[in-house]
1. Can you find even one residue in the range 200-213 that is of a type in the set (D, E, K, R), farther than 19 Å from residue 144 by Cα, in contact with a helix residue (DSSP H, G or I) (Cβ under 7 Å, 6 or more places away or on another chain) and not in a strand (DSSP E or B)?
2. If you go through the range 136-162 one residue at a time, how many are among the hydrophobic types (A, V, I, L, M, F, W, C), crowded, with 18+ Cβ neighbours inside 10 Å and more than 19 Å from residue 86 (Cβ to Cβ)?
3. Return the residue satisfying two criteria in turn: it lies in the range 28-58 and is without any contact (Cβ under 8 Å) to a residue 40 or more places away in the chain and in a loop (DSSP other than H, G, I, E, B), and of such residues it is nearest to residue 204 (Cα to Cα).
4. Filtering the range 1-44 down to residues that are out of contact with any Gly (no Cβ under 6 Å at 6 or more places or on another chain) and of a type in the set (Val, Ile, Thr), which residue is surrounded by the fewest Cβ atoms within 10 Å (Cβ to Cβ)?
5. Being modelled with pLDDT of 95 or more, in contact with a strand residue (DSSP E or B) (Cβ under 9 Å, 6 or more places away or on another chain) and part of a strand (DSSP E or B): is that true of residue 20 here?
6. When the residues of the range 241-298 are filtered to those that are over 30 Å from residue 190 (Cα atoms), aliphatic (A, V, I, L, M) and in contact (Cβ under 8 Å) with a residue 40 or more places away in the chain, which remaining residue is surrounded by the fewest Cβ atoms within 10 Å (Cβ to Cβ)?
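The values are calculated or read from the model by the stated rules, or taken from the named source; none is laboratory data. Predicted model, so just to flag it, every value in this text is computed and none were measured. Quick reminder, even Gly has a Cβ in these numbers, built from the backbone with ideal geometry, and neighbours come from all protein chains shown.
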Amino acid sequence: MIEVKNLSKTYGNHAALDGLSFTVEPGKIYGLLGPNGAGKSTTMNIMTGYIAPSGGSVTIDGYDILKDAKKAKAKIGYLPEMPPLYQDMTVAEYLNFVADLKGVKKSEKKNMVNQAMEKTQTDDVSNRLIKNLSKGYKQRVGIAQAIIGSPEMIILDEPTVGLDPLQITEIRELIRELGKTHTVILSSHILSEISEVCDHVFIISKGKLVLSEAVSNLALHIKASQQIEIEAKGDRALCESVLEELPAVETVSVEDKDEGKVLVHVTAKGNEDIRESVSLALSQNGIAIFGMKELGQSLEDLFLEMTQEDEEETMNKEEEE
């Protein structure tokens with residue numbers, strides 16, 4: 001288990017982290033999500049002992065990352081955003097070197113390196129120089145070095161940055177496989193990556209935790225106001241005026257399409273179901289409806305809502321001061 005308590009980090013007058021706290025339980029894939037500059041990489045660098053916090057603490061299975069650094073770090077495998085690869089080594093040479101740095105016993109080293117290459121599917125390039133590998137294979141080698149020593153927890157900082165779509169798919173599948181035998185923490189600003197791979201998400205904004213929730217429960221945090229999209233045929237101005245008069249309608253937007261058709265987006269007030277009232281109002285005014293569908297709020301909407309609210313709160317505090 002990883003426990004982050006009241007973590008802070010300042011650089012001059014800038015607070016990269018501001019009282020950040022969360023707990024990571026074994027056996028799950030966690031997503032650390034936030035916009036660029038939110039404090040994700042700073043958090044990971046502190047959790048792995050690369051940098052010291054200005055305040056707060058991080059414990060790994062009860063070991064403080066600063067006070068019991070050797071025992072704590074032995075439980076973590078880390079892939080920074082820029083993998084620490086020696087370009088002029090072959091894959092096998094590099095992984096054997098990493099095993100030596102981590103103090104792996106000689107009797108276990110060969111088997112452990114082979115297992116790491118097999119898991120990351122780098123065994124077929126074991127004798128190639130790292131500098132001659134594709135970006136995707138370099139990421140795989142970076143993940144291979146992270147799992148050398150059989151750490152219980154794997155921390156990956158933006159593991160798919162700079163990869164093409166096929167490589168991204170392959171790395172995501174690799175992360176899912178690692179999640180079967182390790183606790184994984186994945187930092188990303190790509191929302192689809194978090195929703196596709198992770199079991200639990202932490203959303204960070206301005207160095208603070210704004211949401212901690214199971215991915216399966218994110219819908220509970222999404223606003224319930226109904227949104228519908230209608231394809232209709234009729235006068236655009238008439239559509240707008242008719243729907244804006246309905247008491248249960250919050251917003252209306254209409255755009256022209258081909259052949260006299262319009263595309264209408266309507267948002268309800270509160271939790272009301274407005275489909276019936278909208279369809280009746282349009283048809284009674286001679287506007288033909290060709291199709292209607294209900295739109296759900298996405299993870300992107302939730303992410304923007306959480307991070308923007310936090311930014312607005314910060315700005316208001318600054319104004320008060």
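1. Yes, the conditions are met somewhere in the range 200-213.
2. 4
3. Only one residue tops the list, namely 37.
4. Of everything passing the filter in the range 1-44, 23 is surrounded by the fewest Cβ atoms within 10 Å (Cβ to Cβ).
5. In short, yes.
6. Going through the qualifying residues, I end up with 288.
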